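Values in this text are rule-based calculations from the coordinates and carry no lab data. What you see is a predicted model; the values in this text were computed from it and never measured. Don't worry about glycine lacking a Cβ; one is built from the backbone with ideal geometry, like all the others, and counts go over all protein chains shown.
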Protein chains: 2
Amino acid sequence: MAELKNRRWLLAARPHGLIKESDFKWDESRTPALADGQVLVRNLAFSFDPTQRGWMSMDTYMPAIPLGEPMRAGAVGQVVESRRPGLAKGDLVQGLFGWEDYTVSAGEGIFGMQKLAPGTDPILALSLLGTTGLTAYFGTLAVGQPKSGDTFVVSGAAGATGSVAGMIAKLKGCRVVGIAGGPAKCEWLVKEAGFDAAIDYKNENVGAALTKHCPKGIDIYFDNVGGEILDLALARIANGARVILCGAISQYNETAGVAGHPPKNYFNLIFRGARMEGFLVFHFAQKYPQAVAELSQWYAEGKVKNQIDLQHGLESAPKTIIRLFTGANFGKQLLKLADPE
Amino acid sequence: MAELKNRRWLLAARPHGLIKESDFKWDESRTPALADGQVLVRNLAFSFDPTQRGWMSMDTYMPAIPLGEPMRAGAVGQVVESRRPGLAKGDLVQGLFGWEDYTVSAGEGIFGMQKLAPGTDPILALSLLGTTGLTAYFGTLAVGQPKSGDTFVVSGAAGATGSVAGMIAKLKGCRVVGIAGGPAKCEWLVKEAGFDAAIDYKNENVGAALTKHCPKGIDIYFDNVGGEILDLALARIANGARVILCGAISQYNETAGVAGHPPKNYFNLIFRGARMEGFLVFHFAQKYPQAVAELSQWYAEGKVKNQIDLQHGLESAPKTIIRLFTGANFGKQLLKLADPE
């Protein structure tokens with residue numbers, strides 16, 4: 001097959017503070033000839049996730065992205081050429097690809113690929129039925145263990161994971177309070193997502209509002225933001241509370257990282273006989289099929305909505321990741337390159 | 001009954017930094033006449049516990065000790081006069097009494113009393129078979145959930161709770177590493193208490209020693225000290241680790257309290273799918289009889305030792321509590337006033 005023009009965004013610099021467009025470098029090259037075992041994938045849509053800030057910076061639960069290599073992203077693509085058994089031209093695949101038109105993959109290690117069923121919607125696969133929705137599912141159910149009547153608080157509540165977490169908690173009979181930025185998101189949480197209350201951290205005193213909306217204390221706190229809000233929640237946990245550590249987006253762009261504002265009120269875990277528990281969605285990989293089936297059913301029944309924030313075109317990738325950290329996104333942040341053929 | 005002379009230590013000041021002898025005021029008064037429902041208890045022995053620093057300072061899980069009132073302590077005493085049904089002269093009782101020769105108690109609220117079996121050893125009742133041993137028991141077994149082969153690390157390892165926690169973990173098949181201050185304590189941990197290794201935080205680099213003694217990471221960390229050592233342990237937890245929050249004695253005398261050195265590495269709980277869980281022994285009150293029975297059996301069989309540090313005389317009470325926070329004590333810190341009659 002002839003070489004194809006391949007536009008790419010390479011990682012040019014490790015971010016310092018907020019991610020900048022200049023942390024990426026535009027590049028145009030040609031696709032290489034495939035070796036045995038490789039496939040050439042045309043990227044259709046990219047997922048944007050707070051954890052990418054970590055991949056850009058340092059080795060974490062996976063190696064850092066090397067400088068000069070394409071920016072790594074969760075993506076759905078379509079096979080255009082295959083020298084790999086089990087994958088054929090036209091197949092839809094999901095995995096960690098790059099910010100580029102075409103990715104060559106041997107499907108090894110962290111770059112393992114999943115073949116998607118024909119007709120799968122790439123947008124849904126990267127949001128509610130992808131890592132985002134699965135993170136909300138396992139964090140809320142497996143880590144949080146909600147009981148009917150529990151008071152469930154989630155931060156980053158209008159975000160991709162937070163909104164789904166709150167809706168799942170609501171399905172399980174919890175009283176659900178979301179913390180989000182701005183009146184539009186808060187209104188959406190209560191009117192569309194079915195939350196019992198929303199707290200606008202940009203315009204309200206979060207501590208006072210938590211005290212008001214959680215008169216019996218917080219039974220489950222799903223933390224996406226870390227920092228001061230984690231501390232305000234820890235100060236208000238009920239006996240036997242579960243604090244689900246999912247992320248700390250308020251801290252990722254701080255030069256001191258999460259160490260800049262560690263949880264001063266952790267000691268309240270002792271007084272309340274409570275626990276703070278972290279997880280990565282990959283820890284639950286063996287249970288993905290069951291979770292996807294249940295999320296699909298809830299979505300079909302209208303019990304869980306899939307709020308997405310869709311941007312367009314490879315050129316827009318750097319601007320789009322920055323939306324995540326400024327809070328400009330409303331729902332799952334995605335970028336679409338093309339429809340499947 | 002005639003009034004008796006009653007020597008007392010009253011709380012004179014809320015501590016600032018390390019507890020000082022001048023935080024207490026010596027007082028001599030007379031015992032009052034009893035009202036219906038009250039008993040007069042002669043105090044035989046006092047327990048000294050890090051949590052008393054909190055009671056002296058502020059309302060926590062129980063109200064702060066009022067200034068001008070006797071210092072509150074876990075104690076065993078003997079009834080000398082009773083106007084309370086179910087308690088008679090000569091009965092041994094355990095509860096929260098005061099640093100004084102005689103305490104008048106109505107056994108209400110936090111001052112509820114337990115009647116002890118005749119012949120009970122007050123020293124054993126205040127150490128291995130009291131709050132100290134029960135804290136180690138429930139923290140290690142119920143919160144930590146040890147499995148054979150787990151690497152179990154405990155700080156404050158030569159202290160009352162830490163030493164018992166390590167010995168219980170050893171009984172459950174764990175590899176046990178203790179952190180303590182000074183070569184004498186470390187030698188005792190390995191030679192007498194049966195620990196696999198000991199780290200002398202006063203003379204060793206704790207981080208490097210943890211890395212050396214825990215090559216597969218830490219499966220369970222029983223934290224009695226908080227501060228920097230908690231952070232060093234969090235940095236080395238294994239997948240699925242349990243961090244048992246029992247105390248933070250390194251921080252109680254800091255003017256900023258536990259907020260002065262919160263756990264910067266808490267975020268590693270996410271990468272490791274691990275949890276940090278607090279508890280108060282009172283949360284397990286319904287299971288005390290079973291725990292006391294099991295601890296008694298292990299003690300009788302020589303599987304768990306009861307290391308105590310016994311001081312004498314009411315006059316010595318302030319000096320004795322200070323021993324806890326300077327690390328001078330070796331094992332459970334107790335003060336004996338008298339033998340039962």
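When Lys and Arg each count +1 and Asp and Glu each count -1, what net charge do the other residues less than 11 Å away from A:Thr151, Cβ to Cβ, add up to?
Numbers: positive: A:Lys147, A:Arg175, A:Lys216, A:Arg236; negative: A:Asp150, A:Asp196, A:Asp219.
Once all neighbours under 11 Å are counted, the net charge is +1.
Each copy carries a label point for B:Pro63 at 7 Å from Cα along the beta-carbon vector; from one copy to the others these points are 6.3 nm apart, nearest first.
Assign one of three labels to the range B:77-118, namely rounded, prolate or oblate, based on the Cα gyration tensor with a ≥ b ≥ c the square roots of its eigenvalues; rounded applies when a/c is under 1.5, prolate when it is not and a/b is larger than b/c, and oblate otherwise. Rounded is the answer for the range B:77-118, as its axis ratio a/c remains below 1.5. Considering only B:Gln78, B:Ser29, B:Met58, and ranking their Cα positions along the charge dipole of the range B:21-84 that arises from unit charges at the beta-carbon of Lys, Arg, Asp and Glu, the one farthest toward the positive end is B:Gln78.
Applying 1/(1 + (r/R0)^6) with r as the Cβ-Cβ distance of B:Ile110 and A:Leu4 and R0 = 51 angstrom yields a FRET efficiency of 0.10. Rounded, prolate or oblate: which fits the range B:131-282, taking a ≥ b ≥ c as square roots of the Cα gyration tensor eigenvalues, rounded meaning a/c under 1.5, else prolate when a/b beats b/c? Taking the square roots of the gyration eigenvalues as a ≥ b ≥ c, the range B:131-282 is rounded.
The HN-Hα couplings worked out from phi for the range B:167-179 by the Karplus form 6.51 cos²θ - 1.76 cosθ + 1.60 (θ = phi - 60°) are 5, 5, 4, 5, 4, 8, x, 7, 7, 10, 10, x, 10 Hz, whole numbers, x standing for Gly and Pro.
Our note on the geometry: Cα centres of the range B:162-199 and the range B:15-60, 32 Å apart. Rounded to the nearest whole Hz, the Karplus-based 3J(HN,Hα) values (6.51 cos²θ - 1.76 cosθ + 1.60, θ = phi - 60°) of the range B:195-212 follow the sequence 5, 6, 7, 9, 10, 8, 5, 7, 10, 10, 6, 5, x, 5, 5, 5, 4, 5, with x at glycine and proline. Among B:Lys147/B:Lys332; A:Lys185/A:Lys332; A:Lys264/B:Lys212; A:Lys170/A:Lys305, which pairs are too far apart, with a Cα-Cα distance over 18 Å? B:Lys147/B:Lys332; A:Lys264/B:Lys212, as the Cα separations exceed 18 Å there. Bridgeable aspartates and glutamates around A:Lys336 (alpha carbons under 16 Å apart, same-chain partners fewer than 8 residues away excluded): A:Asp49, A:Glu100, A:Asp101, A:Asp121, A:Asp309, A:Glu315. For the residues B:Asp101, B:Asp36, B:Asp196, a GNM of chain B with alpha-carbon springs under 10 Å puts the largest fluctuation on B:Asp36.
A simple spin-label model places pseudo-atoms 7 Å from Cα toward Cβ; at B:Ala142 and A:Glu69 they are separated by 4.8 nm. Averaging the Cα positions of each part gives two centres, and for the range B:207-221 and the range A:274-332 these lie 35 Å apart. Label-to-label distances for B:Phe282 across copies, nearest first, come out at 4.4 nm, using points 7 Å from Cα in the beta-carbon direction. Which of rounded, prolate, oblate describes the range B:1-158, given a ≥ b ≥ c as roots of the alpha-carbon gyration tensor eigenvalues and a/c under 1.5 marking rounded, otherwise prolate only if a/b is larger than b/c? Oblate is the answer for the range B:1-158, as a/c is 1.5 or above yet b/c matches or exceeds a/b. Counting from the shortest, the label point at B:Lys202, 7 Å from Cα toward Cβ, is 5.6 nm from the same position in each remaining copy.
By the count of neighbouring beta-carbon atoms within 10 Å, fewest first, A:Ile308, B:Ile19 end up ordered A:Ile308, B:Ile19.
Please report the orientation-averaged projected area of chain A, defined via the convex hull of its C-alpha atoms, in nm². Don't skip to the answer; put the middle values down first.
Details: hull surface 66.3 nm².
Average of the hull's projected areas for chain A equals 16.6 nm².
Ranked for footprinting exposure by Cβ neighbours inside 10 Å, fewest first, A:Phe325, A:Phe279 give A:Phe325, A:Phe279. Can you check what the net charge comes to around A:Ile322, using other residues whose Cβ is under 10 Å from the Cβ of A:Ile322 (Lys, Arg +1; Asp, Glu -1)? Cβ neighbours under 10 Å give a net charge of +1. Across the protein assembly as shown, counting alpha-carbon atoms alone, Rg and Dmax equal 29.7, 109 Å.
For the protein assembly as shown, adding -39500 (n - 2.57) for each run of n ≥ 4 DSSP H residues and dividing by the number of residues yields -6500 deg cm²/dmol at 222 nm.
For A:Ala45, the amide hydrogen comes within under 5 Å of the amide hydrogens of A:Val76, A:Leu337, counting only partners 5 or more places away or on other chains and with H modelled in the peptide plane. In order along the range B:280-295, the Karplus-derived 3J(HN,Hα) couplings, from 6.51 cos²θ - 1.76 cosθ + 1.60 at θ = phi - 60°, round to 10, 4, 4, 4, 10, 3, 5, 9, 4, x, 4, 5, 5, 4, 5, 4 Hz, and Gly and Pro are given as x. Counting other Cβ atoms within 10 Å as a rough exposure proxy, the listed residues B:Tyr288, B:Tyr221, A:Tyr266 run B:Tyr288, A:Tyr266, B:Tyr221 from fewest neighbours to most.
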